[in-house]
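Engineer: Below is a structure I'd like to ask you about.
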Amino acid sequence: MSHWLEDQNSSLEGANRNTFLTKEKLFESEHFAELSLDILLVHDYNWQIITINSAIEEILGFKPEEVIGKRCIDLVHPEERENVQNIIAENTKKKVKYKNRILCKDGTYKWFQLNAIPIEKENRIFVVGRDVTEKERMMEQLKKSERLNLISQLAAGLGHEIRNPLQSVRGFLQLFVKKYQNEKEHLELMISELDRANHIITEFLSLSKNRSKNPVPLNLNSVVANLFPLIQAKAFTEGKDVRLDLNISANIIGDEEELKQLILNFAQNGIEAMEPQKTLTIRTASDQSYVLLTVIDEGKGIPSEVYSKMGTPFVTSKADGTGLGLAVCYSIAERHKAKIEVETSSNGTSFSVKFPKKLK
Ligand SMILES: Nc1ncnc2c1ncn2[C@@H]1O[C@H](COP(=O)(O)OP(=O)(O)OP(=O)(O)O)[C@@H](O)[C@H]1O
Ligand SMILES: [Mg+2]
């Protein structure tokens, strides 16, 4: 890449070039720069990119010539821009390390670990950037499952403690219904509120289970087909439609009650996210190693503040939601060694659950 060599040359202008690199070394460094799997970049104190290796094309999608001359700070995620500016401003001599998100050509962001050395008298900052998006994602998943574990343990303990007093209050209320007929309506409301609380606790307790109660070989298509009338009834009352797209799907080993719960939670969220006249699709498919269940809606997408915490109990954007539906789905999937993948946009959301065909 000639621009690398030329720019490297010009970046050394004014300095004693021989003290830095001989011609031969420059030739070598050009090749190493082009072979690097990391992004190598030189910019000035005005953030203007002077040179960059071609790794950028593979990682971010931009060609080097598309970004040379542009201000690299503009590619940094707006939330981290000030921080990066401060780091560079405060460190005029030392090597600095920082982490931030960088814009890709397709409009998404990737996480980068960056090492930079400022050389003030040359008006140059040398930067090496490594794409750590995958590592960040895994760390995030790990944190999520640790959070889920902690919450599960708490749930198991608290749930039982709370349920017992609720049951005895409920018993007394039932007695009062007979005794105080003129308060019947209020008392029945109190009972139904207690039942709702009990339902939430039951759902919450199911998060703390490590193993499914009753795993047996079953066919996902028939589980979906059995649930269909229930899901359809809910959708119809709201003027929405449900479509099944059941393809040949292999048996999996699973707990039928839990799988019904998982499908219902996804379907319920999908229906709630859609305007009337829209359609929810439940699809099954399979390949050599997986059986795939996908619930696709035509709703408005998952709000970004929910997306970053998805699967965490009690995260909800709904006035009457408890925020347990997805947490329950994630814990059921985990017990089935299945993986949940989400795609969401303003045109709709799809949740896919990938079940392994054979459980070890
Ligand atoms: N298909 C979807 N489309 C858009 N947003 C969704 C979808 N599924 C989930 N969400 C978002 O995720 C949040 C959490 O969902 P979750 O099912 O865990 O709780 P909830 O639906 O709010 O309450 P509940 O516990 O009663 O199900 C929702 O409040 C909503 O903001
Ligand atoms: Mg829900």
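The values are calculated or read from the model by the stated rules, or taken from the named source; none is laboratory data. In this text, all values refer to a predicted model and were calculated from it rather than measured experimentally. FYI the Cβ positions are ideal-geometry reconstructions off the backbone, even for glycines, and counts take in every protein chain you see. These area figures cover heavy atoms from the full protein model, side chains too; ligands, DNA and RNA do not enter into them. Shrake-Rupley method; radii C 1.70, N 1.55, O 1.52, S 1.80 Å.
Engineer: Being within 27 Å of residue 213 (Cβ to Cβ) and among the β-branched types (Val, Ile, Thr), is that true of even one residue in region 232-250?
Structural biologist: Looking for residues that are within 27 Å of residue 213 (Cβ to Cβ) and among the β-branched types (Val, Ile, Thr), one finds none in region 232-250, hence no.
Engineer: Out of all the residues in region 298-337, which are more than 12 Å from ligand 2 (Cβ to nearest atom), of a type outside the set (Gly, Ala, Ser) and without any contact (Cβ under 8 Å) to a residue 60 or more places away in the chain?
Structural biologist: Of everything in region 298-337, those that are more than 12 Å from ligand 2 (Cβ to nearest atom), of a type outside the set (Gly, Ala, Ser) and without any contact (Cβ under 8 Å) to a residue 60 or more places away in the chain turn out to be 298, 300, 303, 305, 307, 309, 337.
Engineer: Answer with yes or no whether residue 268 is within 13 Å of ligand 2 (Cβ to nearest atom), open to solvent by 70 Å² or more (accessible area, probe 1.4 Å) and either free of Cβ contacts under 8 Å to residues at least 40 places away in the same chain or under 19 Å from residue 202 (Cβ atoms) (or both).
Structural biologist: Details: within 13 Å of ligand 2 (Cβ to nearest atom): yes; open to solvent by 70 Å² or more (accessible area, probe 1.4 Å): yes; either free of Cβ contacts under 8 Å to residues at least 40 places away in the same chain or under 19 Å from residue 202 (Cβ atoms) (or both): yes.
Yes: the conditions hold for residue 268.
Engineer: To continue, here is another question. Which numbered condition trips up residue 242, out of (1) in a helix (DSSP H, G or I); (2) open to solvent by less than 30 Å² (accessible area, probe 1.4 Å); (3) away from ligand 1 (no atom under 13 Å from the Cβ)?
Structural biologist: Residue 242 satisfies all of (1) in a helix (DSSP H, G or I); (2) open to solvent by less than 30 Å² (accessible area, probe 1.4 Å); (3) away from ligand 1 (no atom under 13 Å from the Cβ) except (1).
Engineer: Would you mind finding the one in 268, 261 that is under 22 Å from residue 145 (Cα atoms) and within 16 Å of ligand 1 (Cβ to nearest atom)?
Structural biologist: On inspection, the qualifying residue turns out to be 261.
Engineer: Has region 149-161 got any residue that is over 28 Å from residue 254 (Cα atoms) and open to solvent by 70 Å² or more (accessible area, probe 1.4 Å)?
Structural biologist: The first filter runs over region 149-161 and keeps only residues over 28 Å from residue 254 (Cα atoms), leaving 161.
Filter once more, so that each one left must be open to solvent by 70 Å² or more (accessible area, probe 1.4 Å): 161.
Among the residues of region 149-161, at least one is over 28 Å from residue 254 (Cα atoms) and open to solvent by 70 Å² or more (accessible area, probe 1.4 Å), which makes the answer yes.
Engineer: Of the residues that make up region 63-71, is at least one assigned to a strand (DSSP E or B) and surrounded by fewer than 18 Cβ atoms within 10 Å (Cβ to Cβ)?
Structural biologist: yes
Engineer: Would you pick out the residues in region 82-135 that are closer than 23 Å to residue 58 by Cβ, assigned to a strand (DSSP E or B) and open to solvent by less than 30 Å² (accessible area, probe 1.4 Å)?
Structural biologist: 98, 100, 102, 112, 114, 116, 125, 127, 129
Engineer: May I ask you to say which residue of 292, 326 is closer than 23 Å to residue 221 by Cα, aliphatic (A, V, I, L, M), open to solvent by 20 Å² or more (accessible area, probe 1.4 Å) and away from ligand 1 (no atom under 13 Å from the Cβ)?
Structural biologist: It is 292.
Engineer: Return the only residue of 321, 301 being near ligand 1 (Cβ under 10 Å from one of its atoms), on the phi > 0 side of the Ramachandran plot, in contact with a helix residue (DSSP H, G or I) (Cβ under 9 Å, 6 or more places away or on another chain) and open to solvent by less than 40 Å² (accessible area, probe 1.4 Å). Let's see the steps before the verdict.
Structural biologist: Numbers: 321 fails: on the phi > 0 side of the Ramachandran plot.
Just one listed residue meets the conditions, 301.
Engineer: Any residue that is part of a helix (DSSP H, G or I), at pLDDT below 90 and farther than 22 Å from residue 55 by Cβ - is there at least one of those in region 181-194?
Structural biologist: no
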